[in-house]
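J.: Would you mind keeping the following structure in view while I ask a few things?
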Amino acid sequence: MGCVHGKCCGRYPQSSDGDLRDFRDAGPYSAQRKNILSERSLEFVPVPSHDYRLEYSLLTQRGYYPDSPDKENQDSFCVRTQVQGNPNIHFFGVFDGHGQLGTQCSNFVKDRLVEILANDPTLSADPVKAYNSAFLTTNYELHNSEIDDTMSGTTAITVLVIGDTLYVANVGDSRAVIAVKDGNRIIAEDLSSDQTPFRKDECERVKLCGARVLSVDQVEGLKDPDIQSWGDEESEGGDPPRLWVPAGMYPGTAFTRSVGDSTAETIGVVATPEVSIVKLTPNHLFFVVASDGVFEFLSSQAVVNMAARYPDPRDACAAIAGESYKLWLEHENRTDDITIIIVHIKGLSNSAGGATDEASGANNRPATRVRKTSESSVTTGSEVYRSVRSDSSEVQSCQLVLSMSRSPAIVVPSPSCQRSLSCG
């Protein structure tokens, strides 16, 4: 769900890791031959500090736009193993570009974000601080690059594995979700919360920055603009609420955070990520990182249910992409770009629980709730904490806290009063 001007889609993006650039192509949708799946073989990477391994695969498919068959794929992705040469640090990210130069924006952010993280000497000691710095620096660099990001940008959903801990940083409306074994059930627990005007805290934040929040029908006078209720994101089938400048019909973004989008930045669309932290246990089976092309018509639980049916993540990626594509065409005359990474967690035991993480040097004892920015406290298992919401005073002072009612993650607020969070 990008800007009101739509998305472009087309050629397959390249990973920033050289060994992930060779794809094998297949054409499962013969009716739309230009919409070819790009699939990667199964990959393995050990995490020796906790004696387990990650098995992963990924897939990207450009959208089907019957009126613009040559549009580019604006999704990109990055998998970087052994970040900083450390065998216990691995990075997975999906970037969903939007606007006329969305492809360039997503590829720029895909390349620069992981490089900035990799060159940050504080990464292992303070991953949350490093994440915030990397996102804000990448955003600054994109603003000052040759790419015109006035009306273009990208969302970013990323997972950093450090030892037995996941650090999930999100900007926008793509999503990460983890599968948790609970008796004979497998439960989907969101690792991120979509940053859209459907979220009351995000809606109020951008309004304080001067944004008008209206659907297209409201902007065009077809519906009452004073009605500021749009239902919830998963059940709402009409045009979503979007962000507009006070006296104009732009930019029309359906998200409240992104990298780039310098015009939208003046009305509160920021690049500061919401970071959640999860300590892995043997009950965590796999996690999924995907663009909103996957989650537009599939819930997190539906995605996890499908992925759990396939021992091989390659098959799971193909099945989920295929189902997403089919549902798009059932509801609309086009599809969005679809990108998905599935990472299986293999061989993790409880033996290292509560011990010092050799990768980061941090003591990973469970905590109940985090409201500090400098500590990397974590939780275990599938415990679910009550929502932590920003009140109006926190919004005004730029204390942004993620609201996640279904996640096992500890949520770390963004740094107080970051200059990049100022409204205008």
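The values are calculated or read from the model by the stated rules, or taken from the named source; none is laboratory data. Remember, it's a predicted structure, so these values are computed and weren't measured experimentally. Using ideal geometry, Cβ is built from the backbone for each residue, glycine included, and neighbour counts are taken over all protein chains shown. Calculation scope for accessible area: heavy atoms of the full protein, side chains included, ligands and nucleic acids excluded. Shrake-Rupley method; radii C 1.70, N 1.55, O 1.52, S 1.80 Å.
J.: Given the criteria over 19 Å from G102 (Cβ atoms), outside any strand (DSSP E or B) and either in contact with a Cys (Cβ under 9 Å, 6 or more places away or on another chain) or modelled with pLDDT of 95 or more (or both), does G210 qualify?
T.: yes
J.: Follow-up. State the number of residues belonging to the range 315-329 that are buried (at least 19 other Cβ atoms within 10 Å of the Cβ) and farther than 25 Å from T196 by Cα.
T.: 3
J.: Does the range 347-357 contain any residue that is open to solvent by less than 10 Å² (accessible area, probe 1.4 Å), closer than 18 Å to V161 by Cβ and modelled with pLDDT under 95?
T.: Yes, that holds for at least one residue.
J.: Looking at the range 134-151, which of its residues are more than 10 Å from V259 (Cβ to Cβ) and within 17 Å of the chain's Cα centre (by Cα)?
T.: Within the range 134-151, just A134 meets the criteria.
J.: Here are K346, K279, K326: which of them is among the basic types (K, R) and free of Cβ contacts under 8 Å to residues at least 24 places away in the same chain?
T.: K326
J.: What pairs can you find where one residue is in the range 118-135 and without any contact (Cβ under 8 Å) to a residue 60 or more places away in the chain, the other is acidic (D, E), and their Cβ atoms are less than 7 Å apart, with a gap of 6+ or different chains?
T.: Close Cβ pairs satisfying both conditions: A130/D120; S133/D120; A134/D120.
J.: I've got another one for you. (1) modelled with pLDDT of 95 or more; (2) crowded, with 21+ Cβ neighbours inside 10 Å: which one isn't true of Q84, the others all being true?
T.: Result: Q84 fails condition (2) only.
J.: What's the number of the condition P69 fails, among (1) closer than 27 Å to Y325 by Cα; (2) open to solvent by less than 10 Å² (accessible area, probe 1.4 Å); (3) assigned to a loop (DSSP other than H, G, I, E, B)?
T.: (2)
J.: When the residues of the range 174-231 are filtered to those that are among the acidic types (D, E) and open to solvent by less than 60 Å² (accessible area, probe 1.4 Å), which remaining residue is farthest from P251 (Cα to Cα)?
T.: Only one residue tops the list, namely E189.
J.: Does the range 248-262 contain at least one residue that is modelled with pLDDT of 90 or more, of a type in the set (A, V, I, L, M) and surrounded by fewer than 18 Cβ atoms within 10 Å (Cβ to Cβ)?
T.: The answer is yes; a qualifying residue exists.
J.: To continue, here is another question. Here are some conditions: (1) open to solvent by 10 Å² or more (accessible area, probe 1.4 Å); (2) at pLDDT 95 or above. S300 meets all but one. Which one does it not meet?
T.: All conditions pass for S300, except number (1).
J.: I've got another one for you. All but one of (1) in contact (Cβ under 8 Å) with a residue 24 or more places away in the chain; (2) over 16 Å from the mean Cα position of the chain (by Cα) hold for V177; state the number of the condition that does not hold.
T.: Result: V177 fails condition (2) only.
J.: Being without any contact (Cβ under 8 Å) to a residue 24 or more places away in the chain and either acidic (D, E) or in contact with a strand residue (DSSP E or B) (Cβ under 7 Å, 6 or more places away or on another chain) (or both) is the requirement here; does D217 meet it?
T.: Yes; evaluated as a whole, the condition is true for this residue.
J.: Scan the range 107-120 and give yes if some residue there is open to solvent by 40 Å² or more (accessible area, probe 1.4 Å), at pLDDT 95 or above and out of contact with any Ser or Thr (no Cβ under 8 Å at 6 or more places or on another chain), otherwise no.
T.: Yes, some residue in the range 107-120 is open to solvent by 40 Å² or more (accessible area, probe 1.4 Å), at pLDDT 95 or above and out of contact with any Ser or Thr (no Cβ under 8 Å at 6 or more places or on another chain).
J.: Answer yes or no as to whether D19 is surrounded by fewer than 22 Cβ atoms within 10 Å (Cβ to Cβ) and either in a loop (DSSP other than H, G, I, E, B) or at pLDDT 50 or above (or both).
T.: No; evaluated as a whole, the condition is false for this residue.
J.: Related question: Counting only residues that are of a type in the set (V, I, T) and either part of a helix (DSSP H, G or I) or not assigned by the TED database to the domain that holds E43 (or both), how many does the range 72-117 have?
T.: 5
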